[in-house]
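One structure is given here, and the rest of the page talks about it.
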Amino acid sequence: MTLVSSTPLLQAARANGYAVGAFNVHTLEMLQAVVEAAEEAQAPLILQSTVGTVKHLGAEYIVSAAETAAKRASVPIALHLDHCTEFDLIVQCIRAGYTSVMIDASMFPFQENAAMTKRVVEIARAAGVNVEAELGKVGGVEDDIVVAENEALMADPDECRRFVEMTGVPTLAPAIGTAHGIYKGEPKIDFNRIQAIAGLVDVPLVLHGGSGIPEEQVKRCVSLGMAKMNIATEIRIVFSDAIKAVFAQNPDENDPRKYMVPAKKAVKAAALEKIAMLGSAGRARDFK
Ligand SMILES: [Zn+2]
């Protein structure tokens, strides 16, 4: 298969009560590990990169690796640009072959956020590319975007409805109490807010800050309409911990294959766990 837009993946997920795992990858091995997990579980998959990773690796390299994965895989795979605040970089990634982009203008007032999102929706639609936008402000640190806990803002359900109507955005990430990074204690998810938003907005909803949310809370979010969950920090940690463990045992190790193999295995295991939690295992069948 070729890379697909994430729009049909997420619409099917919302319609059938499961969510697609969207994994932030930073290296070829991380990408291969989540693809292997999705393949083994027969789950649709979204590969993601942040703006920082695009600048680190280059959009073309990321697209090439993702396209190769999609060509070899029997499950549908989309490639998404996470949290982008720059219009030009969005255009560059769409040109390079990304099939999904996030315009994050959540730091601007409502009207401005809507205007920027609408502009991105128009160019993405012409290219058959999905768009995700954020309302409210998700707390925590994601690349260069830092939102202090007291500045995090929940999305207003009625604003969500107006935002989707005004912009035509096909997927929406409303801030509902989750945060980027690792939680100190349990996240304070506002389930009533998710329910209210899902009741007013029929596009698939996106759960940011998926690392470390307890399983039963993830399942509740999914049952209420969250159709995509972003997982970044957690797979970065298991990847790095596996490498650290190799060096703790053998500080002189200098063959990247020796430490990348266990790192890959750790990411695959973590991805399989998330896929099971999200209910997307076996759901590749929805696209055959
Ligand atoms: Zn996020």
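I need a count of the residues in the range 146-175 that are farther than 16 Å from residue 192 by Cα, at pLDDT 95 or above and away from the ligand (no atom under 16 Å from the Cβ).
8
Looking only at the range 46-62, which residues are surrounded by fewer than 23 Cβ atoms within 10 Å (Cβ to Cβ) and away from the ligand (no atom under 16 Å from the Cβ)?
Hits for the range 46-62 are 55, 56, 57, 58, 59, 60, 61.
Within 14 Å of the ligand (Cβ to nearest atom), within 30 Å of residue 158 (Cα to Cα) and among the charged types (D, E, K, R) - does that describe any residue in the range 216-237?
yes
List, please: which pairs have Cβ atoms under 7 Å, are six or more places apart or on different chains, and start with a residue in the range 20-43 that is closer than 18 Å to residue 62 by Cβ and end with one that is in a helix (DSSP H, G or I) and of a type in the set (Phe, Trp, Tyr)?
Close Cβ pairs satisfying both conditions: 30/239.
Please tell me if residue 193 is closer than 20 Å to residue 116 by Cβ, away from the ligand (no atom under 12 Å from the Cβ) and over 19 Å from the mean Cα position of the chain (by Cα).
no
Taking the condition surrounded by fewer than 23 Cβ atoms within 10 Å (Cβ to Cβ), more than 22 Å from residue 4 (Cβ to Cβ) and without any contact (Cβ under 8 Å) to a residue 12 or more places away in the chain, does residue 234 pass?
Considered against the rule, which asks whether it is surrounded by fewer than 23 Cβ atoms within 10 Å (Cβ to Cβ), more than 22 Å from residue 4 (Cβ to Cβ) and without any contact (Cβ under 8 Å) to a residue 12 or more places away in the chain, residue 234 comes out as no.
Can you pull out the residues in the range 187-242 that are of a type in the set (D, E, K, R) and under 21 Å from residue 149 (Cα atoms)?
188, 190, 193, 234
Given the conditions (1) basic (Lys, Arg); (2) crowded, with 24+ Cβ neighbours inside 10 Å; (3) more than 25 Å from residue 83 (Cβ to Cβ), report the number of the one that residue 228 does not fulfil.
(3)
Here is a check on your reading of the model: is residue 67 crowded, with 24+ Cβ neighbours inside 10 Å and within 18 Å of the chain's Cα centre (by Cα)?
Considered against the rule, which asks whether it is crowded, with 24+ Cβ neighbours inside 10 Å and within 18 Å of the chain's Cα centre (by Cα), residue 67 comes out as no.
Give 36, 40 a once-over and let me know the one that is closer than 18 Å to residue 232 by Cα and of a type in the set (Asp, Glu).
Just one listed residue meets the conditions, 36.
Restricting the range 94-105 to residues that are assigned to a loop (DSSP other than H, G, I, E, B) and out of contact with any His (no Cβ under 9 Å at 6 or more places or on another chain), which is farthest from the ligand (Cβ to nearest atom)?
Looking at the filtered set, the residue picked out is 97.
Just to be sure I understand the filter: pairs with C-beta atoms under 7 Å, separated by 6 or more residues or on different chains, first member in the range 155-180 and assigned to a helix (DSSP H, G or I), second member of a type in the set (S, T, N, Q) and within 16 Å of the ligand (Cβ to nearest atom). Which pairs pass?
Correct list of pairs: 167/117.
Can you confirm whether residue 85 is in contact with a His (Cβ under 6 Å, 6 or more places away or on another chain) and within 16 Å of the ligand (Cβ to nearest atom)?
Considered against the rule, which asks whether it is in contact with a His (Cβ under 6 Å, 6 or more places away or on another chain) and within 16 Å of the ligand (Cβ to nearest atom), residue 85 comes out as no.
List pairs: first in the range 134-150 and without any contact (Cβ under 8 Å) to a residue 40 or more places away in the chain, second part of a loop (DSSP other than H, G, I, E, B) and within 13 Å of the ligand (Cβ to nearest atom), Cβ under 6 Å, 6+ apart or cross-chain?
Between residues of the range 134-150 that are without any contact (Cβ under 8 Å) to a residue 40 or more places away in the chain and residues that are part of a loop (DSSP other than H, G, I, E, B) and within 13 Å of the ligand (Cβ to nearest atom), the close pairs are 137/106; 137/152; 137/175.
The values are calculated or read from the model by the stated rules, or taken from the named source; none is laboratory data. What you see is a predicted model, and the numbers here were worked out from it, not measured in a lab. As a convention, Cβ positions derive from the backbone with ideal geometry for all residues, glycine included, and neighbour counts pool all protein chains shown.
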